[in-house]
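Working notes for the structure below.
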Amino acid sequence: MATTLGNAIQFLTDFGFFTVVLPFLLVFTIVFGILEKTKIFGVENNKPKKNLNAMVAFVIAFFVIAASNIVTAIQISLPWISLILIIIICFLLLSGTFLGDGEYKLWEQNPAIAKWFIGLILVGILAIFLYAFDLLGVVLGFIGGGAGSTVGSTVILIILIIAAIWFIVGKKSEDDSSD
């Protein structure tokens with residue numbers, strides 16, 4: 001038996017609210033906000049040019065909703081990203097209950113853990129978008145040797161070598177700080 005709210009959601013789906021209106025508003029808002037913040041098109045009386053920013057954001061949002069594969073990727077990835085956000089909030093709530101009173105500053109008190117945490121979040125978001133574009137299997141197959149184990153192993157080896165060089169050269173020793 002269908003409910004009134006279920007019928008309303010079905011009406012919005014049939015109307016194109018979730019495939020046209022919401023993606024348009026999301027992309028328009030994000031692009032407009034970025035253009036307003038960065039002031040790429042200049043300023044007028046110390047304020048960003050809203051009309052130009054709005055027109056560019058409007059056009060970009062229309063191009064996005066015209067590309068159905070991008071809209072599908074947005075529809076697939078946003079619920080998963082929301083799930084990651086909920087997991088992060090739950091982690092912070094749980095860690096806050098065990099750390100006692102006072103403000104907990106993750107960046108200042110545990111910078112190494114914070115960097116790993118951010119890295120894991122970025123990998124998770126990248127995996128979500130690869131999944132949304134049906135590329136996650138391709139990437140995992142490439143890493144696992146599906147695209148030729150020699151190629152995958154070579155890429156991983158090059159990444160490890162670059163990381164080792166960056167780790168060795170990027171660290172400042174006490175002798176370097178006196179120069």
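Quick check on segment 127-136. Is at least one of its residues surrounded by 12 or more Cβ atoms within 10 Å (Cβ to Cβ), modelled with pLDDT under 75 and in a helix (DSSP H, G or I)?
No; the residues of segment 127-136 include none that is surrounded by 12 or more Cβ atoms within 10 Å (Cβ to Cβ), modelled with pLDDT under 75 and in a helix (DSSP H, G or I).
Output yes when any residue across segment 104-112 is touching a Gly at 6+ places or on another chain (Cβ under 8 Å) and either outside any helix (DSSP H, G or I) or modelled with pLDDT of 85 or more (or both), and no when none is.
Checked segment 104-112: at least one residue is touching a Gly at 6+ places or on another chain (Cβ under 8 Å) and either outside any helix (DSSP H, G or I) or modelled with pLDDT of 85 or more (or both).
If only one of Thr72, Thr19 is without any contact (Cβ under 8 Å) to a residue 60 or more places away in the chain, assigned to a helix (DSSP H, G or I) and polar (S, T, N, Q), which one is it?
Thr19
Scan segment 55-81 for residues that are surrounded by 14 or more Cβ atoms within 10 Å (Cβ to Cβ) and not hydrophobic (A, V, I, L, M, F, W, C) and jot them down.
Passing the criteria: Thr72, Gln75, Ser77.
Checking the conditions here, which among Phe117, Phe63, Phe58, Phe28 is out of contact with any helix residue (DSSP H, G or I) (no Cβ under 7 Å at 6 or more places or on another chain) and closer than 26 Å to Thr13 by Cβ?
Result: Phe63 is the single residue among Phe117, Phe63, Phe58, Phe28 that is out of contact with any helix residue (DSSP H, G or I) (no Cβ under 7 Å at 6 or more places or on another chain) and closer than 26 Å to Thr13 by Cβ.
Tell me whether segment 85-95 contains one or more residues that are touching a helix residue (DSSP H, G or I) at 6+ places or on another chain (Cβ under 8 Å) and small (Gly, Ala, Ser).
No, segment 85-95 has no match at all.
Condition first: exposed (fewer than 14 other Cβ atoms within 10 Å of the Cβ), among the basic types (Lys, Arg) and outside any helix (DSSP H, G or I). Can you find one or more residues in segment 43-54 that meet it?
yes
Yes or no: Val64 among the β-branched types (Val, Ile, Thr), part of a helix (DSSP H, G or I), under 30 Å from Ile156 (Cα atoms) and out of contact with any Ser or Thr (no Cβ under 8 Å at 6 or more places or on another chain)?
So Val64 does not fit the description; no.
Could you list all residues from segment 87-104 that are surrounded by 10 or more Cβ atoms within 10 Å (Cβ to Cβ) and out of contact with any Ser or Thr (no Cβ under 9 Å at 6 or more places or on another chain)?
If the condition is that a residue be surrounded by 10 or more Cβ atoms within 10 Å (Cβ to Cβ) and out of contact with any Ser or Thr (no Cβ under 9 Å at 6 or more places or on another chain), then Ile87, Ile88, Ile89, Cys90, Phe91, Leu92, Leu94, Ser95, Gly96, Leu99 are the ones that fit.
List the number of the failed condition for Phe41; all other conditions in (1) touching a residue at least 12 places away in the same chain (Cβ under 8 Å); (2) among the hydrophobic types (A, V, I, L, M, F, W, C); (3) under 30 Å from Phe11 (Cα atoms) hold.
Of (1) touching a residue at least 12 places away in the same chain (Cβ under 8 Å); (2) among the hydrophobic types (A, V, I, L, M, F, W, C); (3) under 30 Å from Phe11 (Cα atoms), only one is false for Phe41: (3).
The values are calculated or read from the model by the stated rules, or taken from the named source; none is laboratory data. Owing to the predicted nature of the structure, the values given are computational and were not obtained by experimental measurement. Don't worry about glycine lacking a Cβ; one is built from the backbone with ideal geometry, like all the others, and counts go over all protein chains shown.
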